[in-house]
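Okay, handing you the structure first.
The values are calculated or read from the model by the stated rules, or taken from the named source; none is laboratory data. Please read all numbers here as calculations on a predicted model, not as lab measurements. Don't worry about glycine lacking a Cβ; one is built from the backbone with ideal geometry, like all the others, and counts go over all protein chains shown. Accessible surface is based on the protein model in full, side chains and every heavy atom, while ligands, DNA and RNA are left aside. Shrake-Rupley method; radii C 1.70, N 1.55, O 1.52, S 1.80 Å.
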Amino acid sequence: MRIATFNINNVNRRLPNLLRWLAASGPDVVCLQELKCEHGAFPIDAIRKVDYHAVWKGERSWNGVAILARKREPI
């Protein structure tokens, strides 16, 4: 099992980087911090398209975290 952390520092601005990294690295679980997006602005559709599922708590400014899991819902 491959577990990774990623200080994304704004998930929506860096979404293309995140998606490329997920495709290249293929971690099973990813913990993201500093989402910098409100809960409803999390890019779940783009993440699901690359076969990851997520749970997240979005907040403005420096806050917000997410857990991504490949091919299954994180618990």
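Is there a residue being in contact with a Lys or Arg (Cβ under 8 Å, 6 or more places away or on another chain), closer than 18 Å to ARG2 by Cα and crowded, with 18+ Cβ neighbours inside 10 Å anywhere in the range 35-42?
No, the range 35-42 contains no residue that is in contact with a Lys or Arg (Cβ under 8 Å, 6 or more places away or on another chain), closer than 18 Å to ARG2 by Cα and crowded, with 18+ Cβ neighbours inside 10 Å.
Turning to a different aspect of this structure: When you scan the range 9-26, how many residues do you find that are open to solvent by less than 50 Å² (accessible area, probe 1.4 Å) and under 17 Å from ASP45 (Cβ atoms)?
So the count comes out to 5.
Right, something else. Filter the range 38-68 for residues that are within 12 Å of the chain's Cα centre (by Cα), within 13 Å of LEU19 (Cα to Cα) and either touching a residue at least 40 places away in the same chain (Cβ under 8 Å) or part of a helix (DSSP H, G or I) (or both) and give the result.
Selection gives ILE44, ASP45, ALA46, ILE47, ARG48, LEU68.
Just one of (1) more than 12 Å from the chain's Cα centre (by Cα); (2) in a helix (DSSP H, G or I); (3) among the charged types (D, E, K, R) trips up ARG72, so point out which.
(2)
Still on this structure: So is ILE75 of a type in the set (A, V, I, L, M) and either loosely packed, with under 11 Cβ neighbours inside 10 Å or at pLDDT below 95 (or both) or not?
yes
Filtering the range 43-63 down to residues that are at pLDDT 95 or above and open to solvent by less than 40 Å² (accessible area, probe 1.4 Å), which residue is nearest to ASN9 (Cα to Cα)?
It comes out as PRO43.
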